[in-house]
Amino acid sequence: MRAFRTIPAAYFGMVLGMVALGSAWRAGAALWGLPDMVSEVIMVAGALIWATITIAYLGKWWFARADALDELHDAIQCCFIGLLPASTSLMGIVLAPHAHRIAVAALTIGAAGQLVFGVFHSGGMWRGGRDIAMNTPVLFLPTVAGNLISAIVAGVLGFSSWGLLFFGIGFFNWVVMESVILMRLWMGPPLADPLRPTLGIQLAPPAVATVAWLANTHGLPDPFVQTMWGYGLFQLLMLARLIPWVVHQPFAPSYWAFSFGVTAIAIGAMQMTLRGVQGAIPLLAPAVFILANAVMAVLVIGTLIRLLQGRLLPPHAAAPTLANTATPHQ
């Protein structure tokens, strides 16, 4: 019962990171002859995590509806709810080589769900009155992350005409919202300690957009996608510079905000290398792949330690806020 009451929607970020890591190993198998088994084991782990969190989160709406509604109405936490349908779409990546029809069903349900949630969430913001301090990188999740993920899965499953539509939604929302979020980060109050790991989301849009573009195009990647990957690399360097400031608190599940972006930047480099890009990107591809695996190892080990300590979930009586997901139990 406790898991149903306390599981935050933010934990769906674990699914994104695991499936992206599995995709990176699939690319590594094609590019460098890495063992296929590793990628499939990671994919299975991602699917099991998705199933567990989905059941727990949906159960929260049945057993602890007040907590679920509090999360829905929270200006920051509500953005993570869009990861439920987005992670459902990602099951299409997991299933693509094994069960195409089920993969298409996962994409259909997930893409429709994230689109509905994105319209619901962002449409409400058009009415104004939002506190600028609430404009953190989590705003990318409902309209940018969800649509770019849908674009990737659609391209992988052979629906590029749909994939390009989703890419357009995600890409232009990213371009517009980037300046809003950066203005808040520059001019607004410093992020509170529990919110600082959400800066990891800042890396994701250019990296994931690169993968989405590659999934829906063919042949030698054009200069545009290479420059977009370059911007993602710059974001990675910016976050590396800020790591001492971000990790001001002990490890918490909120650090999974880094997982999707750092794995996506590795996938982008490896996919472009596979498709014939020469020069800087193939040179950097092994380094970013190693970095992605190192970051994921830290996240997985840290999460398992908290799970074994009984400290993975927020306190039973607390509302599902980001502070609770990021602050260790006392």
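Observations on the model:
- Qualifying residue in the stretch 177-188 (condition: among the basic types (Lys, Arg) and either under 17 Å from Phe80 (Cβ atoms) or touching an Asp or Glu at 6+ places or on another chain (Cβ under 6 Å) (or both)): no
- Pairs with Cβ under 7 Å, 6+ apart, first in the stretch 96-115 and without any contact (Cβ under 8 Å) to a residue 12 or more places away in the chain, second buried (at least 20 other Cβ atoms within 10 Å of the Cβ) and assigned to a helix (DSSP H, G or I): Ile102/Leu95
- When residues of the stretch 212-249 are limited to those that are β-branched (Val, Ile, Thr) and crowded, with 16+ Cβ neighbours inside 10 Å, the one modelled with the lowest pLDDT: Val246
- Test set (1) out of contact with any Gly (no Cβ under 7 Å at 6 or more places or on another chain); (2) within 29 Å of Leu185 (Cβ to Cβ); (3) among the small types (Gly, Ala, Ser) - Ala257 fails condition number: (1)
Rundown of residues vs (1) closer than 25 Å to Pro8 by Cα; (2) crowded, with 16+ Cβ neighbours inside 10 Å; (3) in contact with a Pro (Cβ under 9 Å, 6 or more places away or on another chain), yes/no style:
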| site | (1), (2), (3) |
| --- | --- |
| Phe80 | yes, yes, yes |
| Leu84 | yes, yes, no |
| Arg101 | no, no, no |
| Ala105 | no, no, no |
| Phe120 | yes, no, yes |
| Trp126 | no, no, no |
| Thr136 | yes, yes, no |
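- Condition met for Phe159 (loosely packed, with under 15 Cβ neighbours inside 10 Å and at pLDDT 95 or above): no
- Looking across the stretch 261-278 at every residue that is over 18 Å from the mean Cα position of the chain (by Cα), among the aliphatic types (A, V, I, L, M) and in a helix (DSSP H, G or I), the one that is surrounded by the fewest Cβ atoms within 10 Å (Cβ to Cβ) is identified as Leu274.
- Given (1) in contact with a helix residue (DSSP H, G or I) (Cβ under 8 Å, 6 or more places away or on another chain); (2) under 29 Å from Ile42 (Cβ atoms); (3) surrounded by 15 or more Cβ atoms within 10 Å (Cβ to Cβ), number of the condition Ala68 does not satisfy: (2)
- Where Val15 falls short, out of the listed (1) closer than 18 Å to Leu141 by Cα; (2) at pLDDT 95 or above; (3) out of contact with any Ser or Thr (no Cβ under 7 Å at 6 or more places or on another chain): (3)
- Test for Val94: is it under 28 Å from Ala285 (Cα atoms), β-branched (Val, Ile, Thr) and touching a helix residue (DSSP H, G or I) at 6+ places or on another chain (Cβ under 7 Å): yes
The values are calculated or read from the model by the stated rules, or taken from the named source; none is laboratory data. Fair warning: this is a prediction, and the values are worked out from it, not measured in the lab. Note that we place each Cβ from the backbone using ideal geometry, even for glycine, and neighbour counts take in every protein chain shown.
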